[in-house]
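Q: Structure in structure tokens, see below.
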Amino acid sequence: MAAAAAAKPNLLLPLSVAIPSSRVSLPTGLVCSARSPPPRLRAAASQALTSPVAAEAPEAKQMRVETEAALEWGGVCARLAGFASTAAGRAACGEGRVPVGRSREESERLLEQTAAAALLPAPLDFGGVEDVSTAITAAAGARLLAVREICGVGRSIRAARRVFDQLKTLSEETPDGRSYTPLLDIMQDCDFLTELVQRIEFCLDSTLSVVLDRASDKLATIRKERRKNIDMLESLLRDTSTKIFQGGGIDSPVVTKRRSRMCVGVKASHKHLVPGGIVLSSSGSGATYFMEPRDAISLNNMEVKLSGDERAEELAILGLLTSSIADSKMKIRHLMGKILELDLACARGSYALWINAVRPAFTDSDSDTELNPNSECSVFIEGIQHPLLLEQSLGMVKESTEVGKGQLSDEHLVSPMPIPLDMQVRNDTRIIVISGPNTGGKTATMKTLGLASLMSKAGMFFPAKGTPRLPWFDQVLADIGDHQSLEHSLSTFSGHISRLRKIVQVVSKDSLVLIDEIGSGTDPSEGVALSTSILKYLASRLNLAIVTTHYADLSRLKAVDDRFENAAMEFCLETLQPTYRILWGSTGNSNALSIAKSIGFDQKIRSEADDLDSRVASLRATESEKVQQELKFVKSQMDQIIKNFESQLKNLELEQYNSLMRKAEAATASLAAAHQPTDFTFSDEENESSYVPEIGDKVYVEGLGGGSMASVVETLGEDGSCMVQYGKIKVRVKGNKIKLVQRGTKDTSASSAVKAKGRTPKRSAAEANQDGNVSFGPVVQTSKNTVDLRGMRVAEASHELQMAIDGCRSYQVLFVVHGMGTGAVKECALGILRNHPRVAKFEDESPLNYGCTVAYIE
């Protein structure tokens, strides 16, 4: 045995070292030595491994990943996985590793492949192709491969050759065989390693996963001798076991193996029936011994030796095949990569047929207008549908073995089809501003174009009419959704600004930028100013940008800059529903007044709403005139004081200077006091009556300034003290410091309950609606009844909303603008509205007031 172990060859030596003694017997023409890849292939593979893609900046990579997530690119890739035939193809699609063209030429090549795959009369048979990347890596790392791993490599290479032969046959049998040329070109420079496959199939049985006798002469001889020795050993042990049985030494003849040696079973009390035998083991009870007869010792020794020799020879053969695979790793990886590329091309073709997609074309800035009447448009797409929405309508009812060839039938449709969109963008347009009502389809339109751009770059067709045309964008950068982050202390506005900063950093002349609700989450005037600056900066630094907004001022940029274009989402005033159609060159309207009229709102209150802007302007003009007159008067008075001071100062003695200064200061102070509101002071006698503050009372408070009323918002104790709200200020005052101006409208029972508990009981929405005496103000939004929490942090928004509620008059409607999404500011606002004692009820946001909650304040 020691000699056999010493003779065992070193199986994984470098390929330049010859494998010792045990040569493999192969068919004529097969030699068990692997060659290095051709220099051309080796250099190409080396280049691909060392520098596959130009280095991507961290900011650009982060923006690409976030944009793909925002556009749901992973959903499209996941759908494509259902049409892949190989495990590697399904894994690549499921992980979002679908190849995307890094240049216009590469994307054109991918589109050519998809078009050829869509013409296939039947799916290609990829049966037998396995993911052998792990086995190839192990072989290259000097690990001995098992029989099943080597057989898997051989089967995969053989299956790849069959796929190529299928394509060649189709090309030869088709009159216009050039249709499949893009697919044939994928496999054109592949080495199918015929010798390696034949060597594997000659040496191994892939069905049983065993090394065949014919793999080497030595292995055949060892196995022949071993079979002969086993026959002799088994015959001897059967005879011995029969004699033991006949002698009463066992209940039935037993021949078995213990400690890798053949033996017989015998009762412990009849051990003498096996004279000179060796006890190898015993049963659990000790009643039965397993003994090796004396005559079987030499035969068992021979079996152990031959078994070791056989295993050593099998390992030598497996080592030889592993070395051949390791030596051919570059060729195998190249071949499997091409099979993956072909599988993905076929998957794209089948997917295109399933959704009735058409091939897009990339616009060329140098194209001839006479040859293409639509060449003045960089984007010209008719009837495009969002792929994921379309798939929901189709239902995806196909079986995994079907590929979806042919036309769609009505039975596949499980929900309404998405509305087709038409997109036309002139060559000189750089910024498109889309406006319109919420839930009107602005964001979906923007996402559709972004997804179409990614799909065309990846060689995928998308559902549309005719031949859609769009530019080849090197980057698609998107700021879509609410990027509020509690972990990083980012409000909605801060999240948007952070994303816009990254976009400005990585944008290029060939980029597509998508921005949803630009400038939202902050003061509208500041949001418009910031948005205008950003868009003007981007206009000269990108190919195209699509932005959505509610700011009408952004739609006016078209009038002063030809690089801007407007678009709006159509809204049907008859049905009060969006039509999801784009109106190019139009500006969207909020339609709030039209909606109010159509749902039966009081016509008089609508008239007041129509006249609201003019009345506000008139009031501002009146107040401005009063302020100007007062300023003019004060200025004349101050000029007179200064004139008198200067005239007296010329003839003044030094000792009179202080007296003159005091007179001038007194005159100035008197003038300032004359134009300041005076404070009310109340004598104790005025409040010695039985007045008890109640919530909702309007009162004058000593120290807050004459003419300024405050509201009682909470009663605190038996001493008559209470909490009053003056604007955004809440203070606690004693009863003798306030004077009743107007009683609140709260009923006495509610007031007594408040005084007993110290806070206002919350009324349910049902109670508020059923109470005939309750009448809230008109639900018309103005600047006076609106609190805007966008752009604030949670603590700041909570404080602002609390003060706004406390500052509301009784039975007032309050519009709480918290922004879109499901961020922390919105949750904070809703929590306060649910628990605040003065909130009778509130209405959740709807398509007519998305991002805004209406609260009814008691």
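The values are calculated or read from the model by the stated rules, or taken from the named source; none is laboratory data. Just so it is clear, the structure is predicted and the values come from calculations on it, not from any experiment. For neighbour counting, all protein chains shown are included, and Cβ atoms are generated from backbone atoms with ideal geometry for every residue, glycine included. Surface areas here come from the heavy atoms of the whole protein model, side chains and all, with no ligands, DNA or RNA. Shrake-Rupley method; radii C 1.70, N 1.55, O 1.52, S 1.80 Å.
Q: What number of residues within region 109-134 satisfy the criterion of being under 15 Å from L167 (Cα atoms) and open to solvent by less than 30 Å² (accessible area, probe 1.4 Å)?
A: Counting residues in region 109-134 that are under 15 Å from L167 (Cα atoms) and open to solvent by less than 30 Å² (accessible area, probe 1.4 Å) gives 9.
Q: Next question, about the same structure. For region 517-554, what are the residues that are open to solvent by 10 Å² or more (accessible area, probe 1.4 Å), in contact with a strand residue (DSSP E or B) (Cβ under 9 Å, 6 or more places away or on another chain) and modelled with pLDDT of 90 or more?
A: The answer is I534, K536, R541, N543.
Q: Determine if region 327-344 includes at least one residue that is among the acidic types (D, E) and free of Cβ contacts under 8 Å to residues at least 60 places away in the same chain.
A: No, there is no match, as no residue in region 327-344 is among the acidic types (D, E) and free of Cβ contacts under 8 Å to residues at least 60 places away in the same chain.
Q: Do the conditions hold for G308, that is, is it part of a helix (DSSP H, G or I), open to solvent by 30 Å² or more (accessible area, probe 1.4 Å) and under 30 Å from F462 (Cα atoms)?
A: No; evaluated as a whole, the condition is false for this residue.
Q: On to the next question. Could we say that V780 is modelled with pLDDT under 85, more than 19 Å from G481 (Cβ to Cβ) and among the aliphatic types (A, V, I, L, M) here?
A: Here the answer is yes, as V780 does meet what is asked.
Q: Does region 618-657 hold any residues that are loosely packed, with under 11 Cβ neighbours inside 10 Å and among the acidic types (D, E), and which are they?
A: E623, E625, D639, E646, E653, E655, listed by residue number.
Q: Could you tell me whether R359 is in contact (Cβ under 8 Å) with a residue 40 or more places away in the chain and either in the same structural domain as D191 (by the TED database) or surrounded by fewer than 21 Cβ atoms within 10 Å (Cβ to Cβ) (or both)?
A: Spelling it out, R359 is indeed in contact (Cβ under 8 Å) with a residue 40 or more places away in the chain and either in the same structural domain as D191 (by the TED database) or surrounded by fewer than 21 Cβ atoms within 10 Å (Cβ to Cβ) (or both).
Q: Would you confirm whether or not region 670-689 contains a residue that is at pLDDT below 65, open to solvent by less than 60 Å² (accessible area, probe 1.4 Å) and within 52 Å of the chain's Cα centre (by Cα)?
A: Checked region 670-689: no residue is at pLDDT below 65, open to solvent by less than 60 Å² (accessible area, probe 1.4 Å) and within 52 Å of the chain's Cα centre (by Cα).
Q: In region 212-265, what count of residues is obtained for those that are basic (K, R) and in a helix (DSSP H, G or I)?
A: Residues meeting the conditions: 9.
Q: Separate question: Tell me which residues, restricted to region 555-569, are within 16 Å of G436 (Cα to Cα) and either open to solvent by 20 Å² or more (accessible area, probe 1.4 Å) or among the charged types (D, E, K, R) (or both).
A: Hits for region 555-569 are R556, E565.
Q: So, one more: When region 162-212 is examined, which residues are found to be touching a residue at least 12 places away in the same chain (Cβ under 8 Å) and touching an Asp or Glu at 6+ places or on another chain (Cβ under 8 Å)?
A: R162, V163, Q166, P182, I186, V211
Q: Still on this model: Taking only pairs six or more apart or across chains, which ones have beta-carbon atoms under 9 Å, a first residue in region 454-466 that is within 19 Å of F83 (Cβ to Cβ) and in contact (Cβ under 8 Å) with a residue 12 or more places away in the chain, and a second residue that is among the polar types (S, T, N, Q) and in a loop (DSSP other than H, G, I, E, B)?
A: F462/Q385; P463/N356; P463/Q385
Q: Which condition breaks for I729 when tested against (1) modelled with pLDDT of 70 or more; (2) open to solvent by 70 Å² or more (accessible area, probe 1.4 Å); (3) aliphatic (A, V, I, L, M)?
A: (1)
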